[in-house]
Ligand code: GLY
C-alpha cells in the first residue's frame with residue numbers, strides 16, 4: 001500500500017469532520033500531564049520505605065474514590081499488561097532511564113504467562129502491551145522469546161473447524177458453544193508479530209482466519225457488531241450473535257465496536273489486504289455517525305436511558321488511537337476526516353470533563369467496564385489510560401512526520 005505516499009499527501013488546511021483544528025490541540029501538554037500522573041501513581045504504589053510490589057497492577061479508581069484499586073498479576077486478570085505498557089510509553093516519551101527500569105520490573109511480573117497453558121484469549125492484551133512495547137523499545141532478546149512462547153500458547157485456543165480463537169474456554173457451557181468476543185481481535189497483533197519474528201508462520205494464518213470469520217459473522221448488515229459470536233465447536237457453524245458486556249444482543253456496545261475498529265486497522269497494517277481497509281471504514285463510519293457531540297460515546301449506543309447513560313472514555317481512547325493510524329492509510333479527504341475525528345476525541349478526553357487532573361492519579365475519568373455486571377461504571381480504568389497515551393504518542397509522531405516533510 002502507498003502508505004508513505006498517502007501520508008505525504010495529507011493536507012492541513014481543510015477540516016471536514018469537526019470544528020476543532022489540529023493547532024488547538026497541544027499533544028505535548030497532554031503527554032506531560034500523563035507523565036505527571038504516572039509519577040503520582042508510582043508514588044502511591046510505593047510503601048513508606050519506598051518499596052513497590054511489582055506484581056500489583058493498577059486497575060481502576062471508582063467514581064467516589066481517589067486512589068488506585070490494584071490487582072495482582074494473574075492469568076485471570078486481563079488488565080495486568082496495561083500498566084507496564086503505560087510505563088513503556090512514558091519511557092518512550094521521556095527517555096528517562098529510571099522509568100525504563102520501572103517498566104522492566106512491572107513487565108517481568110508477567111513472564112509466567114509464557115510458561116503456563118493459555119487460560120483465555122487475553123494473552124495478547126497481557127503480553128503484547130507489556131513485553132511487546134518493551135521489545136519494540138529495547139530489542140531485549142529475552143522479551144522476544146517470551147512473546148513467541150505466549151503467541152504459541154494463544155494459538156492453542158484456535159479451533160480450525162471454526163476458524164477463530166476461543167475467547168473464554170470457561171464459558172463454552174454458558175454460551176452453548178465456541179465463543180469469540182470482539183475484543184479478541186486485539187490479540188491478533190501478537191500472532192502477526194510472532195509470525196514475522198521467527199515464530200511459526202502458521203500464527204499469521206490463524207490471525208487471518210480469525211479476522212475473516214469475525215468479519216463475516218460478528219457484524220450485522222449495518223456494520224454494527226455483536227460482542228459475542230457463538231459457533232458450533234464441531235461443525236464451525238455460526239449459532240448466534242449476542243452480548244456479554246453490552247446493553248442487549250442487538251445493540252452496539254461502544255467498546256466492542258472500538259475493538260473492531262482498532263482490530264481491523266491492525267489487520268490491514270499487517271496484511272495490506274484492501275478488503276480490511278474497506279471494511280474498517282464501514283465499521284468506523286457507523287460508529288462516528290452515531291457519536292454524541294463531544295465524540296465520547298455512551299457506553300452502549302442503544303441504551304434507552306441516553307442521555308442519562310454513562311459514557312465510556314476507554315472506547316473513545318481506543319478509537320482515537322486506531323483512527324490516527326488508519327488516517328495514514330487513506331486518501332487525503334478520508335484521512336483528514338478520521339484524523340480530525342481522532343483529534344476531537346482527544347480534545348474532549350483532555351478537557352476538564354474527562355481528565356482526572358488533581359482529583360486522581362489516573363489520566364481519565366468516565367469509563368465503563370461491565371455495566372450489566374454493575375462493575376466499573378463511570379470509573380477510571382487502566383486500559384482507557386493506556387490507549388489515551390498510545391493515541392497521544394501516535395499523534396505526536398504523525399505531527400513530527402508531517403513537519404519533517406513540510
Ligand atoms: N473484555 C475486555 C473489555 O472489557 O473490553
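Coordinate-derived values only; no laboratory data. Model, not experiment: these values are computed from the prediction. Glycine gets a Cβ as well: all are built from the backbone with ideal geometry, and neighbour counts include every protein chain shown.
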- Item | residue 240/residue 26 FRET efficiency (R0 41 Å; Cβ-Cβ; nearest 0.05) | 0.30
- 14 Å reach of a label modelled at residue 159, 7 Å along Cα-to-Cβ, counting backbone N of the stretch 232-259: 232-241
- Message: Kirkwood Rh over alpha-carbon pairs of the stretch 43-115, then Stokes-Einstein at 10 °C and 1.306 mPa s: what D in µm² s⁻¹, rounded to an integer?
- Response: 122 µm²/s
- Query: How far, in nm, would the chain grow between residue 139 and residue 216 when pulled straight, counting 0.36 nm per residue and subtracting the alpha carbon separation?
  - Reply: 24.0 nm
- Determine the relative contact order of the stretch 179-324: mean sequence separation of Cα pairs under 8 Å and six or more apart, normalised by residue count, in whole percent. 22 percent
- Message: Mean-square fluctuation check for the chain, GNM, Cα pairs under 10 Å: which of 261, 382, 306 is largest?
- Response: 306
- Message: Suppose a student asked you for the relative contact order of the stretch 170-246, using Cα pairs under 8 Å spaced at least 6 residues apart; what percent would you report?
- Response: 30 percent
- Task: Work out how much length residue 53 to residue 294 would gain on full extension: take 0.36 nm times their residue separation and subtract the Cα-Cα distance, in nm to one decimal.
- Result: 82.9 nm
- Task: With runs of 4+ DSSP H residues as the only contributors, calculate the mean residue ellipticity of the chain at 222 nm using -39,500 (n - 2.57) per run, divided by the residue total and rounded to the nearest 500.
- Result: -15500 deg cm²/dmol
- Task: Could you tell me what fraction of 2.2 N^0.38 Å the Cα radius of gyration of the stretch 216-276 comes to, as a two-decimal ratio?
- Result: 1.21
- Item | Mean separation of Cα contacts under 8 Å, 6 or more apart, over the residue count of the chain: relative contact order % | 19 percent
- What nm value, rounded to one decimal, do you get for the distance between residue 63 and residue 170 when each label is placed 7 Å out toward the C-beta? 2.8 nm
- Message: Let me test this: with uniform point scatterers at the alpha carbons of the chain, what is the Debye-based log₁₀ I(q)/I(0) at q = 0.06 1/Å?
- Response: -0.21
- Task: Please give the FRET efficiency for residue 115 paired with residue 332, using the beta carbon to beta carbon distance and R0 = 41 Å, rounded to the nearest 0.05.
- Result: 0.30
- Message: Over the chain, with a Gaussian network built from C-alpha contacts below 10 Å, which listed residue (356, 305, 321) shows the highest mean-square fluctuation?
- Response: 305
- Message: Please report the projected area of the stretch 330-406's Cα convex hull averaged over all directions, in nm².
- Response: 6.8 nm²
- For the chain, set up a Gaussian network in which alpha carbons nearer than 10 Å are linked by springs, and say which option among 325, 376, 76 fluctuates the most. 76
- Cα-Cα P(r), the stretch 127-272, percent of pairs per 10 Å interval: 12, 41, 34, 12, 1
- Message: If I take all pairs of Cα atoms in the stretch 199-358, what percentage of them are more than 25 Å from each other?
- Response: 34 percent
- Separation between the residue 200 and residue 272 pseudo-spin-labels, each 7 Å from Cα along Cα→Cβ, expressed in nm? 2.7 nm
- Message: Starting from 0.36 nm per residue, how many nanometres of slack lie between residue 44 and residue 285 once their C-alpha separation is accounted for?
- Response: 82.7 nm
- Task: Whole Å is fine, so just give me how far the alpha carbon centre of the stretch 262-313 lies from that of the stretch 201-229.
- Result: 15 Å
